[in-house]
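Structure first, then comments.
What follows draws every value from the coordinates through simple rules; no lab data is involved. Every value quoted in this text rests on a predicted model; they were computed, and no experiment measured them.
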Amino acid sequence: MQFDDCHAVYNGLTDRFGAQIERLASETEKEISAASIVHGDVLDDQDIDGETGRTKAQELELLKSGIAAKRTPKIDSLKRLAGSVWVNEMKFSRRAEGREKFRAVFARARKSPHVVWQAFEASGTRDSFVELIELLIFNPQL
């Protein structure tokens, strides 16, 4: 088709961001696993730290949430970037190739594990806006 190269660029970007997100998520899981092994998976809830008043299980959960919180901003940033690529590809396909290709791109975006709400918003607003314009253009009685 005429725009296959353009879609290949968009797909390359979404694949790249997806791979980075998966890599960061995997590294986070590995770091959490290592922390669990170091601090011990089997903990007695009755074993309370004298200084903080927390159990060792609570301390481990705090450690895990700290590790996850450290990487969450980077993962969220990459998800927003991937969402931006999806939105731009949807806009491009709607303008250049029509509604069917636009919906096909949205269907792929919706199936992505890293889709963000902006893709859904862009799909809804773009589709309803274009339908309104088409209605006004092709039905002058309104």
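Report Rg(Cα)/(2.2 N^0.38 Å) for region 102-142, keeping two decimals. If you can, show how the numbers build up before the last one.
Details: Rg = 13.4 Å, N = 41, 2.2 N^0.38 = 9.0 Å.
Cα-based Rg divided by the globular estimate yields 1.49.
Two-decimal Rg/Rh of the chain from alpha-carbon positions, Kirkwood Rh?
Rg divided by Rh gives 1.25.
Cross-link list Lys30/Lys111; Lys70/Lys111; Lys79/Lys111; Lys91/Lys111: which exceed 23 angstrom alpha carbon to alpha carbon?
Details: Lys30/Lys111 26 Å; Lys70/Lys111 27 Å; Lys79/Lys111 14 Å; Lys91/Lys111 18 Å.
Flagged as over cut-off: Lys30/Lys111; Lys70/Lys111.
Would you list which lysines come within 19 Å of Lys56, measuring only between C-alpha atoms, while excluding same-chain residues fewer than 8 positions from it?
Lys64
Want the number for Ala35 to Glu121: 0.36 nm per residue separation, take away the alpha-carbon distance, what's left?
On the way: separation 86, 0.36 × 86 = 30.96 nm, distance 3.89 nm.
The Ala35-Glu121 span can extend by a further 27.1 nm.
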